[in-house]
Amino acid sequence: MPIIVMERLPLPNLRTYTCASVLALSACIYYATYIVKDPDWNTSKSDLEIAPPNSEGEFVNNNTNNTSADERTFSQFTGDAFSVMTKEPVCVWIMINMAYCWLILLGRCVQKFVFGQLRVSEQQHLEEKFWNFVFYKFIFVFGVINVQYLEEVLLWCSWFSLLGFLHLLSQLGKDRFEYLSFSPTTPAWSHAKLLGLLGCIFAFSLFMFLVSIFVGFFQGLNTFAFMSAEVILLGIRTLHVIVRYALHLYDICRESNTSLNRDTATALEKRGPVIYYIELGFEIAALVVDFVHHVHMLLWSNIFLSMASLVICMQLRYLFHEIQRRCKKHRNYLWVLNHMEQNYPMASAEEIAENSDNCAICWEKMETARKLPCTHLFHTMCLQSWLEQDKSCPTCRLTLNIENPSDNRPEPSEIQHNPTQPTRQPLNHFFHFDGSRYVSWLPSFSVEVSQLPRLSRAAASNSQLDAMARQVQQLFPHYTIPIIIEDLRVTRSVELTIENILDGRLNSPPVFRESDDPSSSTSNVPLSLLQNNEQPSHSSNSQQNWDEITVENVESEDAVAIGSRFSKSPTEREQILYKRKERLIQTARKRYVEKQKKISET
Amino acid sequence: MAGSALRRLMAEYKQLTLNPPEGIIAGPINEENFFEWEALITGPEGTCFEGGVFPAKLIFPPDYPLSPPKMQFTCEMFHPNIYADGRVCISILHAPGDDPMGYESSAERWSPVQSVEKILLSVVSMLAEPNDESGANVDAAKMWRENRDEFNKIAERIVRRTLGIPT
Ligand SMILES: [Zn+2]
Ligand SMILES: [Zn+2]
């Protein structure tokens, strides 16, 4: 569920924050050592009240003690200093702040090392996930288990901070994996780094699970369940990404050694359902754990009429729908599988040999295949995934007589339906937190929970909006930045704005710009192929002087170098493609100018 | 999912590079993301778009080829079947399920047997023979029917712009 924080806090940049934290901590340490230097620090407080220090006898006494102070070992000394710091509330907060500072710095290091520059959509996901997590854990700590003591609040907060940190990294890893899987040429090193990070997160989640068992042993089953639910979710999600990653890498390796024999091909056919069930298992497991966790919170806390219960109920409803949707999809899968096995026999070896074509769906060679009534052949897996969404032969469009008793075919709108947007009607709630209930100096504030699906994130700063708008404009140069920003303010997401544009929901730019503005029109030409062709505008009619227009000679010897060759190296492929594009445009220009010359001559 | 889509896109890219159809070039904009292509389409001869080289963007879904890609011209276009923002409206790009226009038979719709090459060839023939029934751009459709000279003039201007020749 998306969240909007009413007032955005102006965040200082990381460097100032770190400096301030370190400064505060050193001041704190200085203060503590200053106190501890006095060997009587333990008793002096009470002594001071009884006897004023400027009395003669007290002074002597102090002096004798000072010599004995040197006998304290260093570790004792630091231990004393530490205990002073834990007793002083300001010092405690400074230390907590320092811990968060460390966490943020660690996160930044991991980001620098593993991810490099984050992409805009990754940043968005991250922010969304962050606020979601903070919001739910906040509800949990103050609404559900209703902690009474500062120590408990601190313990829960530190537990969830660590978990949230790992969750964010895991989310980032997932996003990055999905992006990398769009590219055939990612260097092995970046795969290794990402996989290593995911492995670490998984190991950490195992470790935290053990910790929660340990704590639960002393504190009871409920505490264990509350602590471990989020850890288990983290573990499942991370493992899911790891497994998908491994399968993906396996696929890539398979592609590189193309010598496929019949055995591996049939093994691949059998692998299909296994992968499907692994995916299904992970998805259902995550949903069920989350669902049970929420039910547990609801039942345990007896908070049926409070704000927290409302939030939990809405989340439960969403999770329930998700589980239902997944089950429906699975039924459809089973049904199609069953139908296929009954009605479409495996093609015989002769039939496959006769049909020299590749599978029309994936364009790969067929070692085994299924035959439709129209005698068209396809891989079992390819056919399966197509029949799940349409009931016709892909090649000849023969309508297959499939009558699914409960037609579960998801509507197209449902396919594109973003699973993170459970409901469409706007539903706003205010959540008020009065911190003074716990500790006098805690702040009070309100959070607005909004279920309006488009408002999916906390407000983005203007610079972020600009960056996003530029990203959108690259795709749709016809839209001006202000129009895009206006829409982004509502959608908060590049994807949603692009969808809006593609669906025509955005104010269209003028149908056809009559103004002759060469700079704006040529900027649409790809890859700025037309470098030096801009010339002062002529009067726009056919009486142009065509000789003025220069046309670069299209080198023909270059044609041999680029002609009909599919390089193995991606950079070379890119260069060749670029050259081919350039040449196509130059040839077209030349031809056009020559033709116009001919026309104007006659 | 993305793995099989990637292999198929690679195969299509290879085929389009080795046997390119006349006047058509297509390939990924950046090899880091194989799911975003740019295509250059030469206007068919004997039509008002003759000689122009029109750039367009193709965005593929992760479950390609089960779902069709989205196609959008990135240069200015004025055509009955192209929206003002450049999106192309032809039946081959519509998934079998959805039918925004309401009168296309599913035989012309997307199927995994279609390919980038077939899409681009259909776009070329669409440039040659607009289908003024499906009004993606109503103004263009009206002008195409009623004032062909004016339409040709606009098309001529677009062609020159794509070639970088001042109008
Ligand atoms: Zn296949
Ligand atoms: Zn068939």
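The values are calculated or read from the model by the stated rules, or taken from the named source; none is laboratory data. Bear in mind the structure is a predicted one, so any value in this text is a computation, not a measurement. So basically every Cβ, Gly included, is an ideal-geometry build from the backbone, and we count neighbours across all protein chains shown. Surface areas here come from the heavy atoms of the whole protein model, side chains and all, with no ligands, DNA or RNA. Shrake-Rupley method; radii C 1.70, N 1.55, O 1.52, S 1.80 Å.
Here is a yes/no grid of residues against (1) facing another protein chain (nearest Cβ under 7 Å); (2) open to solvent by 10 Å² or more (accessible area, probe 1.4 Å); (3) not in a loop (DSSP other than H, G, I, E, B):
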{"position": "B:Arg8", "(1), (2), (3)": "yes, no, yes"}
{"position": "B:Glu12", "(1), (2), (3)": "no, no, yes"}
{"position": "B:Pro20", "(1), (2), (3)": "no, yes, no"}
{"position": "B:Tyr64", "(1), (2), (3)": "no, no, no"}
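Could you look through the range B:30-57, keep only residues that are touching a residue at least 24 places away in the same chain (Cβ under 8 Å), more than 7 Å from chain A (Cβ to nearest Cβ) and in a strand (DSSP E or B), and pick out the one that is surrounded by the fewest Cβ atoms within 10 Å (Cβ to Cβ)?
Across the range B:30-57, the extreme among qualifying residues is B:Glu36.
Residues A:Met346, A:Met307, A:Met314: which one is over 30 Å from B:Val116 (Cβ atoms) and within 16 Å of ligand 1 (Cβ to nearest atom)?
A:Met346
Is it the case that the range A:187-204 has a residue that's of a type in the set (S, T, N, Q) and either farther than 30 Å from B:Gly27 by Cα or surrounded by 17 or more Cβ atoms within 10 Å (Cβ to Cβ) (or both)?
no
Return the residue satisfying two criteria in turn: it lies in the range A:334-387 and is touching a Phe, Trp or Tyr at 6+ places or on another chain (Cβ under 7 Å) and within 14 Å of another protein chain (Cβ to nearest Cβ), and of such residues it is nearest to ligand 2 (Cβ to nearest atom).
A:Leu372
For the range A:65-142, which fully contained helices (runs of 4 or more DSSP H) count at least 2 residues that are at pLDDT below 85?
Filter on the range A:65-142 gives A:74-87.
Mind listing just one residue for me: the one in the range A:388-404 that is surrounded by fewer than 17 Cβ atoms within 10 Å (Cβ to Cβ) and away from ligand 2 (no atom under 12 Å from the Cβ) and, of those, modelled with the highest pLDDT?
A:Asn401
Answer with yes or no whether A:Ser356 is more than 18 Å from A:Lys270 (Cβ to Cβ) and either away from ligand 1 (no atom under 16 Å from the Cβ) or of a type in the set (A, V, I, L, M, F, W, C) (or both).
no
Does any residue in the range A:189-205 that is among the hydroxyl-bearing types (Ser, Thr, Tyr) come within less than 9 Å, Cβ to Cβ, of a residue that is not in a helix (DSSP H, G or I) six or more places away or on a different chain, and which pairs are these?
Close Cβ pairs satisfying both conditions: A:Ser190/A:Gly116.
Against the definition (of a type outside the set (Val, Ile, Thr) and open to solvent by less than 40 Å² (accessible area, probe 1.4 Å)), how does A:Ser121 come out, yes or no?
Taking the combined requirement at face value, the residue satisfies it.
With the requirement that a residue be assigned to a helix (DSSP H, G or I) and farther than 14 Å from A:Asp357 by Cβ, what does the range A:372-390 give you?
A:Thr380, A:Met381, A:Leu383, A:Gln384, A:Ser385, A:Trp386, A:Leu387
Step by step: first the residues of the range A:567-602, then only those that are loosely packed, with under 14 Cβ neighbours inside 10 Å and either assigned to a loop (DSSP other than H, G, I, E, B) or of a type in the set (A, V, I, L, M) (or both), then the one that is modelled with the highest pLDDT. Which residue is that?
Once the filter is applied, the top-ranked residue is A:Ile599.
Does A:Ile252 qualify as being open to solvent by 40 Å² or more (accessible area, probe 1.4 Å), within 14 Å of chain B (Cβ to nearest Cβ) and part of a helix (DSSP H, G or I)?
Answer is yes for this residue.
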